[in-house]
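These notes concern the structure reproduced below.
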Amino acid sequence: MFKKTMMIAAFIGSLAFSSAFASTLEDVKAKGHIQCGVSQGLFGFSNPDDAGVWSGLDVDLCRAVAAAVFGDAKAVKFTPLSAKERFTALASGEIDILSRNTTWTATRDTSLGLNFSVVNYYDGQGMMVPKSLGITSGLELDGANVCTNSGTTTELNITDYFRANGMSMNLVAFEKADEVIAAYGSGRCDVYTTDRSAVAAQRLKLDNPDDHMTLPEVISKEPLGPVVRQGDDQWLNIVKWSHFAMLNAEEMGITQDNVGSKRATVTIPAVKRLLGTEGTFGEYLGVSNDWAYEIISQVGNYGESYERNVGPNTPLQLSRGVNNLWTNGGLQYGPPVR
Ligand SMILES: N[C@@H](CCC(=O)N[C@@H](CS)C(=O)NCC(=O)O)C(=O)O
């Protein structure tokens, strides 16, 4: 009897141990897909079409991870989350990655049991006003009504900005992004503020986008990127290196179209290592050695994803700026595969 109780206790103990230290890679393999936390609809970053198919820069990050893990960029399911819900959804295990225009800050990286991995879009906070207001600077906004999202860095930064400049404001905050832009569109606020990329995206939802302008001030740093749970280094590595593979591919001139022929013919060692014809870098990550080939052939390189989703030829019209590769004067820099 005693022995049996001990055995049950040991069994329960091992269950508790395995769930506390569960491997996200093993979990996603068992269920056959990655559960990716995204926005509730933000053009260019994570947005569903009429058929419910998600696309965007943040969606591509999750698709890249799925391509690395399953050789199938479609093995992803999406969970739309408000700003307020997103960290709990990740910490509780409801999602495997949070890829939702989320700013890397000290508090979030160190006090929530979560880890930021890479920055897939360097941004900063902007302010949009109706042109009819006739102002040209944020410093003219004393006493303004300001519309923004709750549960974001945005509301903290705008409060700092007004305080630092000795101005007063009335903050009007909503949980849902579309409630914020609707309130601004109805004239409830003088200012709409969020990450500049999201200003460009949400502006398109206004009746007359051309009646509105973005003020010149960039009031914060918003390094946006995917987040995972703390304590799972293997999963963190897979997410990091999926992004780095897309950066290295762009730097090497490897595209969705030419990756097949490059893999067959190229003799450059660095390209062979990236595409898995030399070395065992996939094995080190816990995936197959052609992980980067699968990412590039199914999702494309970082520049292709950027141009397709948010670049100058999309409705968002965001120039590459600091999100250019380091070789073009930007901040995007993939460590070498070797
Ligand atoms: N980057 C900021 C802001 C993120 C945020 O949630 N912004 C809103 C304003 S546009 C948004 O993207 N909402 C999209 C949604 O809720 O679907 C943060 O991490 O706190």
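No lab work stands behind these numbers, since they all come straight from the coordinates. None of these values were measured; they are calculated from a predicted model. A quick note on method: Cβ atoms are made from the backbone with ideal geometry, for glycine too, and the neighbour counts reach across all protein chains shown.
Across the stretch 246-291, the fraction of Cα-Cα pairs farther apart than 12 Å, rounded to a whole number, is 59%. Over all pairs of different C-alpha atoms in the stretch 28-78, the reciprocal of the mean inverse distance, the Kirkwood hydrodynamic radius, equals 10.9 Å.
Here is how the number arises for the chain: DSSP H runs of 4 or more residues each give -39500 (n - 2.57), the sum is divided by the residue count, and the result at 222 nm is -11500 deg cm²/dmol. For the stretch 147-282, the pair-distance distribution built from all alpha carbon pairs, in bins 10 Å wide starting at 0, is 9, 28, 20, 19, 17, 7, 0 percent. Relative contact order for the stretch 125-220: 48 percent, from Cα pairs under 8 Å spaced at least 6 residues apart, divided by residue count.
Per residue, the average separation of C-alpha pairs within less than 8 Å and at least 6 apart gives the chain a relative contact order of 21 percent. Note on the stretch 122-215: antiparallel DSSP beta bridges, both residues inside, total approximately 45 percent of the bridges counted. For the chain, the square roots a ≥ b ≥ c of the C-alpha gyration tensor eigenvalues yield an a/c of 1.5 or more together with a/b not exceeding b/c, which makes the shape oblate. For the stretch 27-108, the Cβ-based charge dipole about the Cα centre amounts to some 180 debye (Lys, Arg positive; Asp, Glu negative; other atoms uncharged).
Of the trypsin sites (Lys or Arg not before Pro) found in the stretch 80-132, those that fall in a DSSP loop while having at most 15 other beta-carbon atoms within 10 Å are K84.
The three principal axes of the C-alpha atoms in the stretch 125-220 carry coordinate ranges of 33, 30, 22 Å, sorted with the longest axis first.
Note on the chain: antiparallel DSSP beta bridges, both residues inside, total approximately 55 percent of the bridges counted.
Rg over Rh of the stretch 16-166, using C-alpha atoms and the Kirkwood radius, what does it come to? Across the stretch 16-166, the Cα-based Rg/Rh ratio is 1.05. Counting only Cβ charges, +1 for Lys and Arg and -1 for Asp and Glu, the dipole size of the chain around its Cα centre is about 900 debye. For the chain, the membrane-span-like helices by this rule, meaning whole DSSP H stretches whose C-alpha atoms cover at least 20 Å of axis and whose Kyte-Doolittle mean is -0.5 or above, are 2-20, 233-251; this says nothing about an actual membrane.
In terms of distances greater than 18 angstrom between alpha carbons, the cross-link table entries K176/K205; K29/K84; K131/K205; K29/K77; K29/K74 yield K29/K84.
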